[in-house]
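Data first, discussion second: the structure below is written as structure tokens.
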Amino acid sequence: MSLVQNVPAFSILLLMLCGIVCLVLPRRAARHLADCAIALVAAASVALLVYFLQGGAAYTYSMGEIGAPFGNELRAGMLEAAVATLFSIVTLLSLMGGRAHLRSDIGRLKVNLYYISTLFLLCSMLALVYTNDIFTAYVFVEINTITACGIVMSKEDGYTLAASMRYFIMSLIGSGLFLISICILYAVTGHLLMSNIQEAVAQLYAQGEYRAPLQVAIALMGVGLSLKSALWPFSSWLPDAHSSASASSSAMLSGLVLKSFIFLMIKIFYRVIGAGIVRTHAVLDLLLVFGILGMVMGSVNALFERDIKRLLAYSSVGQIGYIFCGVGLGTPAGVAAAMVQVAVHATTKAMLFCAAGGLMDASGGSKKFRDIEGAGRRDPYAGVAFIVGTLSMIGIPFFGGFITKLSLVQAAVTVGGWRNLLSILAIIVSTILTAIYYINVLAIIFRAPETAPTKASEKLKEEWKKQVRLDTEYEVAIVLFILLNLAIGLRSDQLMQIITTGLSMFG
Amino acid sequence: MTQLFTLLKISDGLAIQFGADGLGRMFLCLDTVMWILVGIYAFKYKEHMKHTKRFFAFYLLTYLMLAALSMAANYLTMYLCFEFMTLLSMPMVLQDGTPESIAAARKYLMYSIFGATLGLLGFFFSAHYGAGTVFTPGGLLDPAKVAGNESKLLVVAFLSIAGFSAKAGMFPLHAWLPTAHPVAPAPASAVLSGVITKAGVLCILRVMYQVYGASFLAGTWVQKALIVLSLITVFMGSMMAYGEDLLKRRLAYSTVSQVSYVLFGVFTLHPVALLGALLHVIYHSIIKDGLFLGAGAVIFTNHKEYVSQLHGMGKRMPVTFGCFTVCSLGLIGIPPFAGFLSKWYLAAGSLSEGLPVLSWLGPAVLLLSALLTAGYLLPISIHGFFPGEGEKEAEGKEAPFQMLFPMLVLALGVVVFGVFAQPLADALLRIAEAMF
Amino acid sequence: MSVFFANLPEYAAMILFGIGLSNLMLAKNLVKKIIGLNIMDTSVYLFLAAKGYVENSVAPIVSASDLGHIEHTLYTNPVPAGLVLTGIVVSVSVTAVLLSLIVRLNEEFHTLDIDEIIHILRKRDREDLK
Amino acid sequence: MTGFGILIAILVPILGGALVPLLDFDARRAREYYVFAIVLATSVYTLSLLSSGQGSELVLYHLTSTIDITLRIDRYGSIFALLVSVLWPLATLYAFEYMSHLHKKNRFFGFFTICYGITLGVAFAGNFITMYLFYELLTLATVPLITHEGTREAKVAGVKYLVYSIAGATAAFIGMIAILTHGGSLEFAVIGLGDAATPENRRLFDLAFLFMFFGFGVKSAIWPLHGWLPTAGVAPTPVTALLHAVAVVKSGVFAIGRVVYFTYDAGYLAGSMVQKIGLAFSAFTIVYGTVMAWKEIHFKKRLAYSTVSNLSYIVFAFLLVTPSGLTAGLLHMMFHGLMKIVLFFVAGTVMHQSGRIYVTDLRGFGRAMPVSFATFTIASLALTGIPPLCGFLSKYAIAEAALAQGSPLAYAGVAALLVSAVFTAAYLLTICVRAYFPPADFEPWSLKSVKEANLYMTLPLVLLTAAIVLLGCFPGALQAFIGGVVPAAFPGL
């Protein structure tokens, strides 16, 4: 057991510790502690990833050396390490990107409480990634829900409170269903550790016993988790929550929180229930159809939005549809495509939300399209970020989005029949719609205000004149985000290789 | 074709080449003589016109294209000259600029270009299935290539010949002629009717005899269909002319029917009938130019356009109406005058051809339409000279000498060629034989 | 019917879960929603606890005295009990956060009906646009 | 001659163009010298590349294990590059004068020059993914050009163009990936599917072909997908002339040529079902385009419909999948570019000088703008296919190729060709008649305000018309250059 193998447990416990310590620290100290903790966790995850890349096998890490039925286990493989790295890096960058907004939105006194929520959020996400025990997964799902609503509520204006209440209630329904399915699985198999459950389920399926409860458990699991990760029909709460929250929290929410639940679902489908059984179950087709509808309806709603952050939120619904379309195809290639989209969407959407924050600063804090005209010229960093985001979303080679489209099409093409045709049509339609509303945004933010007739109020026009004071942290974050997207685009071969070996290790 | 002059070699299959053969020389002489006479007439007529410089420019350019057309040695050059002749003769039609003349010109343009495009179809197939490109009597199709797909080639032959016959005013595509000629100024309509329709005939001759070859088309459904079409036009043209009051439109209908006489001779694919056709080409040009110049003279001097206004005009314009009458008699086919001999050879050729029904039906229709021709031409002369007591006699003076001179020459031509037709007939017979 | 009586607790748990879930989703008043949530959670814990019960078994407590010899062979399964405890902790914390949120909402909008709150927000949006 | 030359030829206009808005020229002269210098330099450099750099290749980047971005000069690409590099300087010269009455010139010339580089990118792409990259960028770079005037109509045209192009590009992309995953190669150096096309996955390759055909068919305006071209007629003339008559639409046809000859070879396509579908669609578009053009009275929209029909000439010729079909298609690609750009330029000059955009009010313009309408008449005659001019040659070559192929659809194509010739005469020559022979009641003084355009506009017109006539009479050199593509596309022959 080399040192690096303790990284999963170490990162979860470190984040919890720092979260608690932040309670007592003053604002500036809490900020530095949080940043250092997350940076440390990111470095550790990278080390773990390198360990796996050099041929390390997936291993289980039992907490406190206690035996199977009672003890708790973490399991780490190449995919988990990669996802953990991604989550921690994006959290760090989102915090840096939205720092300016934290001061204005949350007020001086409560900033360290915000850091507590962020640390616990990241901790719960890493736990979801690493855990090998489904009840621990439930506990961290609840922690995730509470902290996610926390960072939405922290902005304390009317919108965020209402939005977080709706978010909370919908999530609780989701986790309720998730809980009941766990209990059924426990009742049927008697185990809590995922690997044991898999053997028990395989054996039961072979003998044909408990077929009905298992079907119900899988269905509830699918619906519960898709509800929490805002699959289209259940995503009515997402636009309000993600658009009203402050810049860094919407970046984290849209980029990471949704993805952690998806990763949990993939883990449960493929490690707890086993690929063979899941593929025969109707829930995959359900996810595929809702994914496809999500891709189209998300983009359609985004078309009619006149508010930059709501547009990005609806676009997230669309991209989540992409991921579920990949998972719903059922083949390993489909799941790989889903994981690629998880990585690309995490970086791109977080970048766009931070850039949207920048645009709002450059146009007097308003989110409406008529006010952010020409904001791309005033805040060039946000402008370039949106250009990169658009090119990536449309799927131009050299950018992240291209690899998503490439892998999803490769997955869709190998699957025969109606699934193939339906997903291909959805890809075409969603690319068109995405292209339209992103290019529309580009046209607006790069329009020279003095020539085109603008509907913005006079007061706003004077503000446009004076030069926008950008803080360096925001600029560094945006540049790093762009580099991350380009890195994924350019090094996509390596990313695919990590994902495919990670998935094979998953079993 | 004796020696060839290659103006431009575009690629191995495509070249613009010219060469003189009997047929070409005959048409060139015809065009040149007619152009000179109508030219003299037009110098006087131009006081009546605006934009005279433009008119004469296009008048000469059309002549250039006609000369090139008669000298063309391969299908491509013929098609080129045919297209340009349409484009250059069109401005003469809309010379007056009245809305009807512009509409007529557009109609003329569209019909001719449609016809030329069908001709182009023929060119594509002949280039593909042909052995060489230069016109060769007896056809240039390569039997090896043609072996499998005669039916396709027959369809294409029918379409291309029907296309070129649009210019000659044959039945399905004749509608532009009666609308274009009346609006054009007199010299233009004379040239249009007399000579430019013959260009269509020349193209049909080249295509039938020197691209597909008479032997290929003899006895096929294509020949029968074309003969039927020409007979329909002959009959229909004279019927329409009979009822027409506007003088120039009556003459236009007469052109439609007379040119189909020629086409009937060409389609029977028999040397004697072909001789009759060639003879009728010459006679019709002379006669129709004379008639149109006469009509032009009447319009120019007395602004009378309708036949009903010409009662008693003969006494006022004796020379014009004299030539008009001589030409009418020639057209009807009264023996001493020119028209008779060509109709005679046409009937003889058709009878000896031996097609089951058409060999006798043809001459019958020709005779019937000769009667109709008399029906619509003679009343003009009769009412002109002997108006009858009751009606009011039209006043007017004689046309100036510069316009009368060409009419006199043409009338003289009708008489001379009627009486001393033998040398002309022998020359044309040699040309006809050379075609098979 | 014998099946019904055989696993009576499971049936009870399922019915309670249904009541709690529908209440959580359909109730207008926010406080009622929280009550529904708690009913749902308790039904799950009932289900879990029932799973742990073994016929005529003894509580799995091994005191120092009878370390040497153990007379009873049947012990109730302690794992579901542990799960129930964790579940209760989670429910309590979630309810606490929700209730504090409801207090803040009431201060802001003076109503407990979530649809009315959204209606107020939409009206506020329209005023901004003008 | 390493491949870096290609990269330079592509990057110079792109970077040069990107600099124009940044340098923010306000003096017109400075901007013109700068832009013209860049465009001319690129053209000269590209032409030198074409002559010396045949076959040089550059692997730009290994995107994934099976896909990499490569640039290569092969004879097929250099024909398209020749056309573009000859026409772009002339169009830029024309644009300088035309843009004098429009605002935001820096942005316009910036994107205009960027499009030049991207089109060269399409020409020199070494495999399908690289071409897809430049193909998408071309769409994105042309959208701002279409919506340049900022009117509501321009915005609608821009969105419509964007929707059609993105749909097409994605469909083509899906076709590409389907081929890639099932063993076919996307490299242009490798001809045909080789052993990948086994009988059982033949249906999939057919489907992939249809996806790519109709995907790229959007840009080459095949019948159901042509809607964007006429509406894009509202863009400024240099855009419609150069992009919608030469660069953008030709890249669509160029891509179809790549699909037909470089990914699927003659063995696969000859006589196959997909070939029949393609031939049927393109033959129908030939007739549909000209009929719609004849009905349309807006000058530039009429020319746009004419482009729709002429593009299907090229697609029809390509789909014959015979060497003569390929050469005929490429010949028409070159000649149509020349002819159509003259017609669009004259339409632009008329609009620039007199503001008239409808065909019906062009009476008497022949005298008011003699040079423009002389070139217009020659170009119309060429397009109608009158022998000595170049239009006839390409029409003749296509007809010959169709007859040589001999299938019933080929004959239908020849018939469509002829019908469209008649309609082309109808909608083009009527304009010439109306311009040169105004009706009697027409007062010449009503056009005294209309003067002939200055040298900037007339010089390109005259040069292009001279090219039309010369190429019509002496096409030997060009035909030999195009003939060189046959060994590349048909290795077996």
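Taking max minus min of the alpha-carbon positions on each principal axis, the stretch D:380-462 gives extents of 57, 32, 18 Å, largest first. Compared with the direct C-alpha span, the chain from D:L463 to D:A18 gains 157.3 nm at full extension, assuming 0.36 nm per residue.
Pair-distance distribution of chain B: all C-alpha pairs, bin width 10 Å, starting at 0; shares per bin in whole percent are 5, 23, 33, 25, 10, 3, 1, 0. Once backbone amide H atoms are built at 1.01 Å from N, C:Y75 has C:V58 as its partners under 5 Å, excluding neighbours fewer than 5 places away on the same chain. Charge tally around A:C22: other residues with Cβ under 13 Å, Lys/Arg +1 each, Asp/Glu -1 each, net +3. Applying the criteria of a DSSP loop state and at most 11 other Cβ atoms within 10 Å to the chymotrypsin sites (Phe, Trp or Tyr not before Pro) of the stretch A:274-321 yields A:F304. For chain B, a Gaussian network of Cα nodes joined below 10 Å ranks B:G148, B:G138, B:G290 by mean-square fluctuation, and the top entry is B:G148.
Give me B:D96, B:D12, A:D379, A:D371 sorted ascending by neighbouring Cβ count inside 10 Å, so fewest comes first.
Numbers: B:D96 18, B:D12 8, A:D379 25, A:D371 22.
By the 10 Å Cβ count, ascending: B:D12, B:D96, A:D371, A:D379.
Secondary-structure-derived ellipticity at 222 nm for chain B, considering helices only, amounts to -24000 deg cm²/dmol, per-run term -39500 (n - 2.57) for DSSP H runs with n ≥ 4. Residues whose amide H lies under 5 Å from that of A:S62, counting only those 5 or more places away or on a different chain, are A:L74; hydrogens are built 1.01 Å from N in the peptide plane.
Taking a Cβ cut-off of under 11 Å around D:T66, the surrounding Lys, Arg, Asp and Glu residues balance to a net charge of -3, with basic ones at +1 and acidic ones at -1.
For B:K107, the aspartates and glutamates whose Cα comes closer than 17 Å to its Cα, not counting residues fewer than 8 places off in the same chain, are B:E83, B:D96. Among the listed pairs A:K349/C:K33; A:K228/D:K160; C:K32/C:K123; B:K53/D:K395; D:K104/D:K219, a Cα-Cα separation exceeding 31 Å is found for A:K349/C:K33; A:K228/D:K160; B:K53/D:K395. Listed by chain and number, the lysines whose alpha-carbon sits under 26 Å from that of B:K224, ignoring those within fewer than 8 places in the same chain, are B:K145, B:K152, B:K167, B:K198, B:K343.
Just to confirm the number: angle between the C-alpha axis of helix A:283-303 and the first principal axis of chain A, 0 to 90 degrees, nearest 10? Relative to chain A, helix A:283-303 is tipped by roughly 0 degrees. Calculation over all alpha carbon pairs of chain A in 20 angstrom steps from 0 returns a P(r) of 24, 58, 16, 1 percent. Taking 4 °C and 1.567 mPa s as the conditions, I'd like the Stokes-Einstein D for the stretch D:70-190 in µm²/s, using the Kirkwood hydrodynamic radius from alpha carbon pairs. D, rounded to a whole number, is 81 µm²/s.
Residues B:C323, A:C325, arranged from fewest to most other Cβ atoms within 10 angstrom of their Cβ, appear as B:C323, A:C325. Computed on chain D, with alpha-carbon pairs under 8 angstrom and 6+ residues apart, the relative contact order is 14 percent. For a paramagnetic label modelled on B:V134 (point 7 Å from Cα along Cα→Cβ), amide N atoms under 16 Å away belong, within the stretch B:3-45, to B:3-10, B:12-25. Once the chain from B:W360 to B:F420 is taken as fully extended at 0.36 nm per residue, the excess over their C-alpha distance is 18.7 nm. Computed 3J(HN,Hα) for the stretch A:246-257, one whole-Hz value per residue from the Karplus formula 6.51 cos²θ - 1.76 cosθ + 1.60 where θ = phi - 60°, is 6, 3, 5, 5, 5, 4, 5, 4, 5, x, 10, 4, glycine and proline marked x. With R₀ fixed at 56 Å, the C-beta to C-beta distance from A:L53 to D:L470 puts the FRET efficiency at about 0.30.
Working note: Debye formula, equal point scatterers on the alpha-carbon atoms of chain C, no solvent; log10 I(q)/I(0) at q = 0.13, 0.22 Å⁻¹ is -0.74, -1.23.
Kirkwood analysis of the Cα pair distances in the stretch A:282-507 returns a hydrodynamic radius of 18.2 Å.
Within the listed set B:F267, B:F386, B:F171, the Gaussian network model of chain B (springs between alpha-carbon atoms below 10 Å) gives the highest mean-square fluctuation for B:F386.
At an R0 of 41 angstrom, the distance between the Cβ atoms of A:T472 and D:R28 translates into a FRET efficiency of 0.55. Helix A:417-445 sits at what angle to the longest principal axis of chain A, using alpha carbons and giving 0 to 90 degrees rounded to 10? The angle comes out at about 30 degrees. At a threshold of 8 angstrom on Cα-Cα distance, excluding pairs fewer than six apart, so keeping six or more, what relative contact order does chain B reach in percent? RCO, chain B: 16 percent.
Segment B:F43..B:A20, full-extension length gain: 5.2 nm, with 0.36 nm per residue of separation and the alpha-carbon distance subtracted.
Set the Cα radius of gyration of the stretch D:272-493 against 2.2 N^0.38 Å, with N its number of residues, and you get 1.08.
For chain D, divide the Cα radius of gyration by the Kirkwood radius and give the resulting Rg/Rh value with two decimals. Ratio of gyration radius to Kirkwood radius: 0.96. Screening chain D for whole DSSP H helices with an alpha carbon extent of at least 30 angstrom along the helix axis and a mean Kyte-Doolittle hydropathy of at least -0.5 yields D:28-52, D:75-98, D:152-181, D:273-295, D:299-319, D:323-354, D:408-436. Of all aspartates and glutamates in the structure, the ones whose alpha carbon falls short of 18 Å from that of A:K259, not counting any fewer than 8 places away in one chain, are A:E80, A:E142. Seen from all directions on average, the stretch B:322-436 presents a Cα convex hull projection of 10.0 nm². Temperature 4 °C, viscosity 1.567 mPa s: under these conditions the Stokes-Einstein estimate for the protein assembly as shown, based on its Kirkwood radius over C-alpha pairs, is 34 µm² per second. With the simple model of a label 7 Å out from the Cα in the direction of the Cβ, B:Q309 to D:S52 spans 7.9 nm.
In chain A, the calculated helix contribution to ellipticity at 222 nm averages -25500 deg cm²/dmol per residue, counting -39,500 (n - 2.57) for every DSSP H run with n ≥ 4. Quick check: the angle from helix A:211-228's long axis to the longest principal axis of chain A, C-alpha only, nearest 10 degrees? Value to nearest ten degrees: 20. As a ratio to 2.2 N^0.38 Å, the alpha-carbon radius of gyration for the stretch D:305-367 is 1.51. Taking other Cβ atoms within 10 Å as a rough exposure proxy, D:W228, D:W445, D:W223 sort from fewest to most as D:W445, D:W223, D:W228.
Rule-based calculations on the coordinates, nothing more; no lab input. Everything quoted here is computed from the prediction, not taken from an experiment. A quick note on method: Cβ atoms are made from the backbone with ideal geometry, for glycine too, and the neighbour counts reach across all protein chains shown.
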